[in-house]
Every structure is written in C-alpha cells, then in structure tokens.
Amino acid sequence: MGEARGTGKWCQPDVPHKGWLCTDVEDLGEPSQVCEMCEVMTIRYIHHMTHQYHPPLEVGCICAGHMEQDLVGARRREAAIKRLRPSWAKSHAGLAGDTWRLKMSIFGFSTEPTAGDFLPIIKYDARAGRIFRIDRTPDGREPIDITDSFAAVFDFENIETGWLNFSGPQPDFKLVKMGEVLPVRPSENHKNGIRLMLKLHPSCAGSDKPVREFSTSAKAALSGIEKVYLAYREGKPANGKLPIVAMRGSTPVKTGTGDRQSTNYVPKFEIVGWAGRPTDLVYIPRGSSGPGPNALPPTPPAQGYAAAKGNGNGAPAWSGGDWGDTPPATGSTRMQAPVAQQLAASVAQTKPADLADDFG
Ligand SMILES: [Zn+2]
C-alpha cells in the first residue's frame, strides 16, 4: 500500500489537498481504475470526493484519507463497504452486475434507507425485556423478536464504552475501548453506554447477516451486560476464546415513584460456552473522535459502585450497575418475574461444546 503523495495531483498547487468530503463509495469488483489524485494506484474501491473549489475526483482509500484528513474514517468506510457487499449483492443480484455503489452522506455514513447503518444491529427493549434482530427489508427495517432463542458469541475483548446519543436522526457515539479513559461527554443528550460486536447463533440469525452491533445506553440493559461481562473477565480462558452468551429471561426492576414509576427488565445473560473467534467477527473501531464543539466539562468519576469497579486507570466503568446518576428516591425494588420466562429451547437443549461449532 504505497500510495505516494508525491505524485499526480498531489504535486499540482492548484488542486486543493485538504477540505475534501466523501459523498460516495463504489466497488468496481476488481482493481480497474487509476486513482485520480495520486494518478498511480489502481483501485477497486472508489471514494468519490467533492470540494468547494474543485471538480469531484475518484480516488483510493489512502488518498481519500489524506484529502479529508481522516485516514481512519476512510479506512472505516472501505472496511464497511467490504463487509456489506455479500448481503447487498444477494439482494440486488442481477440489478447492477458486479459494480455497485454505496451512497454515503457527507458525514461518512450511509443514508440509504435500505442500507441503513453499516452493520446490522440487535436491540434490547428494556421496557419489554425482549431482544430484537433488526433486519433490512426492501421497505426499511423489520424487528424480529429473538428473545427465546438468543445466543451469540460476544466480542467482549473489544467492547467499547463511552457516550451514546440516540436522540438525533442518526446515533452518535463517542467511544473508547474498555479500560481507556472515557472521552469527554459531547453533549447533554449523550448518555453512558456500551457498544460491542457479536455473532448470532444460526438458531436466531435468520437469513440476514449474523454479525451485528449491539449498543445501548439503557440502564437495565447495561446492568445485565455488566454482569455477564464480569463473568467473562473471571472465566476468560487463556486461549483467547470468546463467550457464547444466551439469554435466560429477564428481571423486572421498578424505579421511581407515583407517576414517574416505571418498570424495566434487566436481561439475564449467561455464558453457556466458549468459541474461537469467528473469522467474520471483526472489530472495527469507530466513534473515538475528540470532543465536539459543544462538549461538556469532563465528568468526574461516579461515586460508589462505578468508582469501586473502575477500569484500572481512574476512569469510571459504565454506570449501568448503579442504576444511573440519580438513584430513584425509594431505591430499586427487585421483584419476581411475573411469568417464568421461557428458556431458549434450542440453546438449552444443546451442549456448549456443540454450540461452539455453529459459529464458523
Ligand atoms: Zn491515490
């Protein structure tokens, strides 16, 4: 990968070298076009770059990264298009031949309704205690309830913690890997949360992509994830295997009083086996950019639980275990589950050793 910046338009003073934006990434199927910036590299993935004072250019990843001064962003974009391709190609077979294109917004992520996020996701609904696989359909997105069959390899090795904002039109994450100092809180709308990648067991993966992103700032979800993460930390084998996690129902927890009382469900995640890292479960770092213009002052480490369980370098662990910054006046009330939650039948009847073979 020697895309030199000493060739082609990099040498032309009338071509801007900074201030470019990527609007589009395209996969030609094979390296078949010369980068219009360095005029040297033959490229397969075309980054379409625009500039206020220059006609658009079609360039390779490295040149794109330099032009927008965000090499990580350019690499991430290209990694994402490589990952997306199989499912996209399947659903668009015959439509576009071997050439296809992922429309990017200027923000660096896709705004195509059918493409959605780069990575398909799962969602935990803390109000219902249910876990959903969000599938892409021609009409948009369809949530599929996989609570009763949920099992997945969790990439706890690369779990990220930090700030999540789901209030805008697109989620905004400012995350670091577990153990690193938390970034500055970008805004009042950002909440403590986590993000991790997982690979669904075939029994709950459906026909869509099994590798998914799971991010949440819901306290109940974080509480359940924290428990199973701590179990992972304690039981983690030396051979680097990752935990196979199943869901065994949920525990309702009441918070607040009177009109403000609400019930949330803490998922009961359990490690039911260990698996070698699936080849397609690849960690893509993201969202670790610096503080935005509206950044708030650094948050002091939380008292009590989070501080006691700090992650080793003074930064607080996520605060899911303590039910948040402002504990309810009456404290949390733990109740029995009203109905015995159904165990994940397919998982419950399968031995852990057999499970590990199913993730590829
Ligand atoms: Zn180039």
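The values are calculated or read from the model by the stated rules, or taken from the named source; none is laboratory data. What you see is a predicted model, and the numbers here were worked out from it, not measured in a lab. Virtual Cβ from ideal backbone geometry, glycine too; neighbours counted across all protein chains shown.
Here are some notes:
- In the set (1) modelled with pLDDT of 50 or more; (2) in contact with a strand residue (DSSP E or B) (Cβ under 6 Å, 6 or more places away or on another chain); (3) more than 15 Å from the ligand (Cβ to nearest atom); (4) under 19 Å from Lys209 (Cα atoms), Glu112 fails one condition alone, (1).
- Residues that are within 16 Å of the ligand (Cβ to nearest atom) and either farther than 25 Å from Phe173 by Cβ or in contact with a helix residue (DSSP H, G or I) (Cβ under 7 Å, 6 or more places away or on another chain) (or both) were ranked within segment 74-89; the one that is modelled with the lowest pLDDT is Glu78.
- Elements of the type strands (runs of 3 or more DSSP E) sitting completely within segment 128-236 and holding at least 3 residues that are charged (D, E, K, R): these cover 130-137, 140-145, 172-177, 191-200.
- Residue within segment 209-225 that is touching a residue at least 60 places away in the same chain (Cβ under 8 Å), more than 19 Å from Phe132 (Cα to Cα) and of a type in the set (D, E, K, R) present: no
Yes/no per residue for (1) in contact with a strand residue (DSSP E or B) (Cβ under 6 Å, 6 or more places away or on another chain); (2) within 30 Å of Pro138 (Cβ to Cβ):
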| residue | (1), (2) |
| --- | --- |
| Pro202 | no, yes |
| Ser223 | yes, no |
| Gly235 | no, no |
| Ala246 | yes, no |
| Thr257 | no, no |
| Pro267 | yes, no |
| Ile284 | no, yes |
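- Annotation note: of Lys219, Lys199, Lys254, the sole residue that is among the basic types (Lys, Arg), surrounded by 21 or more Cβ atoms within 10 Å (Cβ to Cβ) and at pLDDT below 90 is Lys219.
- The lone exception for Gly249 - which of (1) in contact with a Ser or Thr (Cβ under 8 Å, 6 or more places away or on another chain); (2) on the phi > 0 side of the Ramachandran plot it fails: (1)
Table: residues versus (1) among the aromatic types (Phe, Trp, Tyr); (2) farther than 23 Å from Arg277 by Cα; (3) in contact (Cβ under 8 Å) with a residue 40 or more places away in the chain.
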| site | (1), (2), (3) |
| --- | --- |
| Ser203 | no, no, yes |
| Pro237 | no, no, no |
| Pro243 | no, no, yes |
| Ala246 | no, no, yes |
| Gly249 | no, yes, yes |
